[in-house]
1. Measure off 7 Å from each Cα along the Cα-to-Cβ vector at B:Gln45 and B:Ile33, then give the distance between these two points in nanometres to one decimal.
2. Give me the accessible area per residue for the protein assembly as shown, probe 1.4 Å, as a whole number in Å².
3. So how compact is region B:8-88: Cα radius of gyration and Dmax in angstrom?
4. Return the single residue from A:Lys50, A:Lys140, A:Lys102 with maximal mean-square fluctuation; model: Gaussian network over chain A, springs between Cα atoms under 10 Å.
5. How many square angstrom of accessible surface are buried between A and B, both sides summed, with a 1.4 Å probe and rounding to 100?
6. Comparing the chain by itself with all protein chains present, which residues of region A:141-174 are at least 40 Å² less accessible (probe 1.4 Å)?
7. Mind checking which of A:Phe53, A:Gly145, A:Val74 is farthest towards the positive end of region A:14-173's charge dipole, using Cβ charges of +1 (Lys, Arg) and -1 (Asp, Glu) about the Cα centre?
8. Treat each spin label as a single point 7 Å out from the Cα along the C-beta direction, and report the B:Ser134 to B:Ser64 distance in nm.
There are 2 protein chains.
Amino acid sequence: MAPPPPSPPAVSLKVLLLLLRVLTGVFLVIALIILSTNSVTIVSQGSALKFHFKDVYAYRYMLSAAVIGLVYAVIQLFFTISEFATGVKNPFNYQLDFYGDKLISYLVATGSAAGFGVTKDLKDTFLALVALDSTDPVDKFFSKGYASASLLLFAFICLAVLSVFSSFAMAKRN
Amino acid sequence: MAPPPPSPPAVSLKVLLLLLRVLTGVFLVIALIILSTNSVTIVSQGSALKFHFKDVYAYRYMLSAAVIGLVYAVIQLFFTISEFATGVKNPFNYQLDFYGDKLISYLVATGSAAGFGVTKDLKDTFLALVALDSTDPVDKFFSKGYASASLLLFAFICLAVLSVFSSFAMAKRN
């Protein structure tokens, strides 16, 4: 006789998972906006230099991690809402959750780490090596860098928690 | 009637897990040696400047991720070998594997990302802003940075694979 199908997760757990999916998307959208609009003009000894987030490779990596993470979050949000509505979870989704949450959490975590790492050291180097007429533009540029890296960190925390639950869900299903 | 205890994993799987644990430790030891011995003297317009890995915050984070990862790898190696010898796995170890592999894989992944991110951008900035008598020291310094970040990446891949297996092992046990 086939083992009884796993009992569906409690409603409160479902709501928590949905909330984490929404938060992940919100954090990544805000990070994308802040990062992609991050450009300043740095004046050094009278000459002006336009500085854009793309000039920092780690910020490019952070941006791609946020874009891929956001696409994944939207797809998962769609599945989670349809699951809510129908009360049925497609068997494939257990695998998608398990591997997707794990993979994307690594991607977003590394995007955040690259962002934090470069922001701290590059700002120190700029302030030490460039004779700036004013440090405000540099402060503004790297503050936005910190802000985006922090938002990716929050998104990563949501994804890491989701990853634990998707492991338990797969365990329960097996 | 209590469900039968889960059948022990095949010997080949056990050997694979042991190999991944050993590889993780080896990668992290080599990364630690390369990183902690990374210091150069940069000569710019006649004045010499001693540059040490500690001068780059992201490298400090990379070093701490490697140290913590190595301590974890050694502890897990001890458990894995004793499991091999006795054929018995302590129930606590399923949890240690599941949460440990997940947490440490995130730590090592972010250490590697911070290392890669800062190395690329800081090297470009140095070469652009500092009038160097010779670029060799800078090349050497940041090549070691890349080498350590790559070794952390390899260690992370081992830990990520281990994390998948420890999720399955916990699923099987439940």
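1. Rounded to a tenth, the inter-label distance reads 4.0 nm.
2. Here the per-residue accessible area is 48 Å².
3. Using the Cα atoms of region B:8-88, the pair Rg, Dmax is 19.0, 66 Å.
4. Highest fluctuation among the options: A:Lys50.
5. Accessible area lost upon association: around 2400 Å².
6. Buried on complex formation: A:Val164, A:Phe168, A:Ala171.
7. A:Val74
8. About 3.5 nm separates the two model spin labels.
The values are calculated or read from the model by the stated rules, or taken from the named source; none is laboratory data. Because the structure is a prediction, the values reported are computed rather than measured. Every residue, glycine as well, gets a Cβ built from its backbone with ideal geometry; the counts of neighbours run over all protein chains shown. Side chains are part of the model used for accessible areas, which takes the heavy atoms of the whole protein and leaves out ligands, DNA and RNA. Shrake-Rupley method; radii C 1.70, N 1.55, O 1.52, S 1.80 Å.
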